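Accompanying notes for the structure given below.
The values are calculated or read from the model by the stated rules, or taken from the named source; none is laboratory data. Everything numeric in this text was worked out from a predicted model, so none of it was measured. Positions of Cβ are backbone-derived with ideal geometry, glycine not excepted, and every protein chain shown enters the neighbour counts.
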Amino acid sequence: MRVTALDRDAAALSALRAHWPASAPHPANVIEADVEGGPWPLAGRQFDAIVVTNYLWRALWPNLLAALAPGGVYIHETFAHGNASVGKPSRPDFLLQPGELLQTCATLRTIAYEDGFCAEPARYVQRIIAVREAAAPTPEPPPRYRLDAYQADTAGDTTRNGQQASGH
């Protein structure tokens, strides 16, 4: 697997480089760029997966979606309307409106979507997992996008295929 990391924060990228496993088959392709004030640094490139967390710059969405390869997965989680009642960010420009990620990803196949409140730490979020399906006719049977790989037990701990998973 090859990873491209894009951020304007040089310190965050430096930390990524420092913690990248020496045993990884490929080094991380780390790009420092201000995508809000400069040109899109990944023009013409496509990726099998795009992950965006705790970030919202609506003008970037066309570039992100254009960079998603056929069969690629788009994962996005960020703050949503209501977050001003529990902390920052609180400016409406930085908060998704109800259903906004669904509308943005309307050309993709939505696999999972949530819009609600998380208690620890307290925040309102929207999150989506969507796939750009291949242009070829849908095979029979259609692709299986596993929904049961992660399950919550009665104590609220996350398990994956019966094994304890780290991170909540």
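Return yes or no: is Tyr113 under 17 Å from the mean Cα position of the chain (by Cα), at pLDDT 95 or above, of a type in the set (Phe, Trp, Tyr) and surrounded by 12 or more Cβ atoms within 10 Å (Cβ to Cβ)? Steps first, please.
Details: under 17 Å from the mean Cα position of the chain (by Cα): yes; at pLDDT 95 or above: yes; of a type in the set (Phe, Trp, Tyr): yes; surrounded by 12 or more Cβ atoms within 10 Å (Cβ to Cβ): yes.
When the stated conditions are applied, Tyr113 passes them.
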Query raised in the report: Has region 127-142 got at least one residue that is closer than 23 Å to Glu36 by Cα and buried (at least 17 other Cβ atoms within 10 Å of the Cβ)?
Result: yes
Query raised in the report: Quick check: is even one residue across region 44-60 more than 29 Å from Tyr145 (Cα to Cα) and in a loop (DSSP other than H, G, I, E, B)?
Result: no
Query raised in the report: If you check every pair at least six apart or on different chains, which have Cβ atoms under 8 Å apart with a residue in region 99-125 that is touching a residue at least 24 places away in the same chain (Cβ under 8 Å) and in the same structural domain as Phe79 (by TED's automatic domain parsing) first and a residue that is among the hydrophobic types (A, V, I, L, M, F, W, C) and loosely packed, with under 13 Cβ neighbours inside 10 Å second?
Result: Ile111/Leu147; Ala112/Leu147
Requested in this report: Please indicate, with yes or no, whether at least one residue in region 86-105 is outside any loop (DSSP other than H, G, I, E, B) and of a type in the set (Gly, Ala, Ser).
Outcome: no
Report task. Kindly provide the set of residues from region 100-119 that are farther than 16 Å from Thr53 by Cα and out of contact with any strand residue (DSSP E or B) (no Cβ under 7 Å at 6 or more places or on another chain), ordered by number. Result -> Gln103, Ala106, Thr107, Ala119
Query raised in the report: Among Ala28, Ala84, which is the only one that is assigned by TED's automatic domain parsing to the domain that holds Ala12 and surrounded by 12 or more Cβ atoms within 10 Å (Cβ to Cβ)?
Result: Ala28
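State all residues of region 70-81 that are part of a strand (DSSP E or B) and either on the phi < 0 side of the Ramachandran plot or crowded, with 16+ Cβ neighbours inside 10 Å (or both); if no residue qualifies, say none.
Narrowing region 70-81 to residues part of a strand (DSSP E or B): 70-80.
Those that are part of a strand (DSSP E or B) and either on the phi < 0 side of the Ramachandran plot or crowded, with 16+ Cβ neighbours inside 10 Å (or both): Pro70, Gly72, Val73, Tyr74, Ile75, His76, Glu77, Thr78, Phe79, Ala80.
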Report summary line: Across region 55-84, the tally of residues that are at pLDDT below 95 and of a type in the set (Ser, Thr, Tyr) stands at 1
